[in-house]
Amino acid sequence: MAVADMLPTMDDKALESLKANALRLQDEPEGARQKQAEMLLPLIEAELAEREARKPPKPVRVVRKKAPAGVKAA
């Protein structure tokens, strides 16, 4: 099974690790590993972006300012 085919089945941590390795391998001299990293990187980033889009939105927190000391709230 090719690495590209395994991306949807990988957990987020493994996918982030694979992305870090692909970025590192891009800086290596021209070779098979470097070419594979260049091919995989857009696929990894697309998978991570798709997963982020599927996550439910974070709840909005309302921050209320405290009244300065000595002032009574209405």
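Report whether or not GLU47 is among the acidic types (Asp, Glu) and at pLDDT below 95.
No: the conditions fail for GLU47.
I need the full set of residues from region 1-38 which are surrounded by 12 or more Cβ atoms within 10 Å (Cβ to Cβ), more than 12 Å from the chain's Cα centre (by Cα), hydrophobic (A, V, I, L, M, F, W, C) and in a helix (DSSP H, G or I), in order please.
Scanning region 1-38 gives VAL3, ALA4, MET6, LEU7, ALA22, LEU23, LEU25, ALA37.
Please identify the pairs in which a residue from region 2-29 that is more than 12 Å from GLU47 (Cβ to Cβ) has its Cβ atom under 7 Å from the Cβ atom of a residue that is modelled with pLDDT of 90 or more and acidic (Asp, Glu), counting only partners at least 6 apart or on another chain.
GLN26/GLU38
Failed condition for GLU50, given (1) assigned to a helix (DSSP H, G or I); (2) over 11 Å from the mean Cα position of the chain (by Cα), with all others met?
That leaves (2) as the condition not met.
Filter region 39-74 down to the residues that are more than 24 Å from MET6 (Cα to Cα) and surrounded by 10 or more Cβ atoms within 10 Å (Cβ to Cβ) and list them by number.
The answer is ALA67, and nothing else.
The values are calculated or read from the model by the stated rules, or taken from the named source; none is laboratory data. What you are looking at is a predicted structure, and each value in this text was computed from that prediction instead of being measured. Positions of Cβ are generated from backbone atoms using ideal geometry, with glycine treated the same way; all protein chains shown enter the neighbour counts.
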